[in-house]
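The values are calculated or read from the model by the stated rules, or taken from the named source; none is laboratory data. What you see is a predicted model, and the numbers here were worked out from it, not measured in a lab. Ideal geometry is used to build each Cβ from the backbone, glycine not excepted, and the neighbour counts take in all protein chains shown. Keep in mind that these areas ignore ligands, DNA and RNA; they rest on the heavy atoms of the full protein, side chains included. Shrake-Rupley method; radii C 1.70, N 1.55, O 1.52, S 1.80 Å.
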Amino acid sequence: MSMRKLYMVKLGGSLITDKRKPYTPRVEVIKRLVKEIRDSLSTSHRVIIGHGGGSFPHVSASKYETHKGFVNRESKYGMAVVHYDASRLNMIVMEELLKNGVQAFPIQPSSISLAEDSRIVEMYIKPLKTLLEYDMVPVVYGDVGIDLKQGCCIMSTEEIFRFLSLSLKDEYSIRIIMCEEVDGIYTKDPFKHPDAEFIEVVSRENIDIVMEYLSSSHGIDVTGGMKHKVEVLYGLAKEGIETLIINGLAEGRLEKALKEKPVKGTLIRY
Ligand code: IPE
């Protein structure tokens, strides 16, 4: 019997918010991506949505240095603020999903997981699994984490997808789709270098060079930008879980990817 397909779709934080302006969602982008997801839903596959935090939690997370754990007297208060900020954006995404009739249901990663040095070591995933059996769409998001080693941490969507996909891979055939605000991976930052070349496939043949390219991370991203993402996703590729990185600003690409039509993007495989 062939396994049912499961798509884990990430809506990147810098795609669905304006990263230069604190607490500013890009509502038009969220609306369009939600419609593309809705229009590709089918009973033959399952979908989990995960979204980043962008300018909602990243501002408070860098103020309180949440990724470093309990480092001063304000850390615990900061941890609570970062969670609140992350869930505010989740409510905005949920609102659009529900307006469009998607049977979506949010799951708060911070309250069902434990981490050690920012790595999830435990997660109570039965509710999420049951939602999938009901053909509902679980929605997770980059969140603060309760960390057994350092007190608190940042749980990126990639880390959540890592844990979930490894936990679900015996039951589902999983493909991760990452929507970012670039077409995929380049040899250099395409916003700064016009001569940056597009990389269609990241695999064991070029992973070392790609990691070198990505070593400069940007701005207020406390989870280390694209380098962190590719590191986690390449690890999953080794386990047979492939990822497609696409541009969520280009209309229709997410829908095409979910309908398995050819689309511009970077494939991460082993
Ligand atoms: C970060 O989550 C969440 C917090 C800062 C609490 P992600 O790492 O998944 O988010 P983006 O896509 O980089 O914004």
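Couple of notes before you dig in:
- Highest-fluctuation residue, Ser118, Ser40, Ser14 considered, GNM on the chain with Cα pairs under 10 Å: Ser40
- Other-chain or far-sequence residues with amide H under 5 Å of Val121's (modelled H): Leu114, Ala115, Glu116
- Taking the charge dipole of the chain about its Cα centre, with +1 at Lys and Arg Cβ atoms and -1 at Asp and Glu Cβ atoms, the residue from Ala86, Gly13, Asn100 reaching farthest to the positive side is Asn100.
- Amide N proximity, segment 164-205 versus Lys238 label position 7 Å along Cα-to-Cβ, cut-off under 12 Å: 204
- Of all accessible heavy-atom area on the chain, the percent that carbon and sulfur account for (1.4 Å): 50 percent
- Short to long, the 10 Å bins of the Cα pair-distance histogram for the chain hold 7, 31, 39, 20, 3, 0 percent of all pairs.
- Using θ = phi - 60° in the Karplus curve 6.51 cos²θ - 1.76 cosθ + 1.60, the 3J(HN,Hα) couplings for segment 150-160 round to 10, x, 9, 7, 9, 9, 6, 4, 4, 5, 5 Hz; x is entered for Gly and Pro.
- Bridges between two residues of the chain, per DSSP, are antiparallel at a rate of about 35%.
- Table column - 3J(HN,Hα) (Hz), segment 167-184, Karplus curve with 6.51, -1.76, 1.60, x for Gly and Pro: 6, 9, 5, 7, 9, 10, 8, 9, 10, 9, 10, 9, 9, 10, 9, 10, 5, x
- Intensity falloff of segment 10-124 expressed as log10 I(q)/I(0), Debye formula with alpha-carbon point scatterers, at q = 0.17, 0.19, 0.20, 0.22 Å⁻¹: -0.90, -1.06, -1.14, -1.27
- Cα-based Rg / Dmax (Å) for segment 160-200: 15.1, 43
- Computed FRET value (nearest 0.05) for Lys76 with Lys192, which takes r as the C-beta separation and R₀ as 45 Å: 0.75
- Global form of segment 118-236, assessed from the alpha-carbon gyration tensor, a/c cut-off 1.5: prolate
- Nearest-20 debye value, segment 53-95 charge dipole, Cβ charges on Lys, Arg, Asp, Glu: 180 debye
- 3J(HN,Hα) along segment 7-19: 9, 10, 9, 9, 9, x, x, 7, 7, 9, 9, 8, 5 Hz, from the Karplus curve 6.51 cos²θ - 1.76 cosθ + 1.60 with θ = phi - 60°, whole Hz, x for Gly and Pro.
- Sequence-distant residues sharing a close amide H with Tyr141 (under 5 Å, placed H): His51
- Sorted peptide list for 126-136, 162-172, criterion being average Cβ within 10 angstrom, highest first: 162-172, 126-136
- Given charges at beta-carbon only (K, R positive; D, E negative), |dipole| of the chain in Debye: 460 debye
- DSSP beta bridges in segment 62-197 [antiparallel fraction, %, rounded to 5]: 70 percent
- The convex hull around the C-alpha trace of segment 1-78, projected and averaged over every direction, spans 7.5 square nanometres.
- Residue list for segment 172-209, given a label point 7 angstrom along the Cα-to-Cβ vector of Glu260 and an amide N cut-off under 12 Å: 173-175
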